[in-house]
Amino acid sequence: MSQTLFEKIIAGDIPGDIVYEDEHCVAFRDVAPAAPVHLLLVPRKPIPKLAEASDGDSALLGHLLRTAPKVAAQEGCGEAFRLVINNGEGAGQSVFHLHLHIIGGRELSWPPG
Ligand code: AMP
């Protein structure tokens, strides 16, 4: 099966502005930022979308949620940031490799629309 765009960024085959990595995940800047801080936190394992994660991925999903605040703090979000997971085309998912958007660095209104 062909590699996802994010696998290629993680592998260094295409450029990515990586700000964090560990053995399970990588974070890099979104190429089309919606806010001053807009990062994508991506598991190295190419799970296509959240709904396709399995029970065996629970620890990995927990790790992503535990890591996101640390990366947000590292990148200067302060106490306020938003996590977004788009699941499926109808929700705006365009890259089918699970990722958390970490958005911050400005006032964030609610609801997001
Ligand atoms: P989603 O629409 O939730 O699947 O999010 C995919 C995100 O990937 C979008 O916010 C895009 O701007 C971002 N994106 C697409 N290509 C790249 C790239 N080469 N480097 C960094 N971010 C990208």
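The values are calculated or read from the model by the stated rules, or taken from the named source; none is laboratory data. Quantities reported herein were computed from a predicted structural model and do not represent experimental measurements. Backbone-built Cβ (ideal geometry, glycine too); neighbour counts: all protein chains shown.
Looking only at the stretch 29-41, count every residue that is β-branched (Val, Ile, Thr) and within 11 Å of the ligand (Cβ to nearest atom) and tell me the total. Outline the logic, then answer.
So the first thing to find is which residues in the stretch 29-41 are β-branched (Val, Ile, Thr), and the list is 31, 37.
Still in the list and also within 11 Å of the ligand (Cβ to nearest atom): 31.
Residues that pass the stated criteria total 1.
In this structure, is ARG44 surrounded by 13 or more Cβ atoms within 10 Å (Cβ to Cβ), away from the ligand (no atom under 12 Å from the Cβ) and of a type in the set (Lys, Arg)? Write out each step before concluding.
Working: surrounded by 13 or more Cβ atoms within 10 Å (Cβ to Cβ): yes; away from the ligand (no atom under 12 Å from the Cβ): yes; of a type in the set (Lys, Arg): yes.
In short, yes.
Please enumerate the residues belonging to the stretch 8-28 that are within 12 Å of the ligand (Cβ to nearest atom) and surrounded by 16 or more Cβ atoms within 10 Å (Cβ to Cβ).
Listed by number, the residues that qualify are ILE9, ILE10, GLY16, VAL19, VAL26, ALA27, PHE28.
Scan the stretch 55-113 for residues that are farther than 17 Å from ALA32 by Cβ, among the charged types (D, E, K, R) and more than 16 Å from the ligand (Cβ to nearest atom) and jot them down.
ASP55, ASP57, ARG66, LYS70, GLU79, GLU107
Between ALA53, ALA32, which is in contact with a helix residue (DSSP H, G or I) (Cβ under 8 Å, 6 or more places away or on another chain), closer than 19 Å to ALA91 by Cα and not basic (Lys, Arg)? Working first, answer last.
On the way: ALA32 fails: in contact with a helix residue (DSSP H, G or I) (Cβ under 8 Å, 6 or more places away or on another chain).
It is ALA53.
Can you report the number of residues in the stretch 68-104 which are among the polar types (S, T, N, Q) and either at pLDDT below 95 or touching a strand residue (DSSP E or B) at 6+ places or on another chain (Cβ under 9 Å) (or both)? Break it down into steps so the answer makes sense when it comes.
Of all residues in the stretch 68-104, those among the polar types (S, T, N, Q) come to 74, 86-87, 93-94.
Filter again for either at pLDDT below 95 or touching a strand residue (DSSP E or B) at 6+ places or on another chain (Cβ under 9 Å) (or both), leaving 74, 86.
Within the stretch 68-104, residues that are among the polar types (S, T, N, Q) and either at pLDDT below 95 or touching a strand residue (DSSP E or B) at 6+ places or on another chain (Cβ under 9 Å) (or both) number 2.
Could you give me the residue pairs with C-beta distances under 9 Å whose first residue belongs to the stretch 7-26 and is among the acidic types (Asp, Glu), whose second residue is assigned to a strand (DSSP E or B) and modelled with pLDDT of 95 or more wherever it lies, and which are 6+ apart or on separate chains?
From residues that are among the acidic types (Asp, Glu), the pairs are GLU7/VAL42; ASP17/PHE28; ASP17/ARG29; GLU21/ALA27; GLU21/PHE28.
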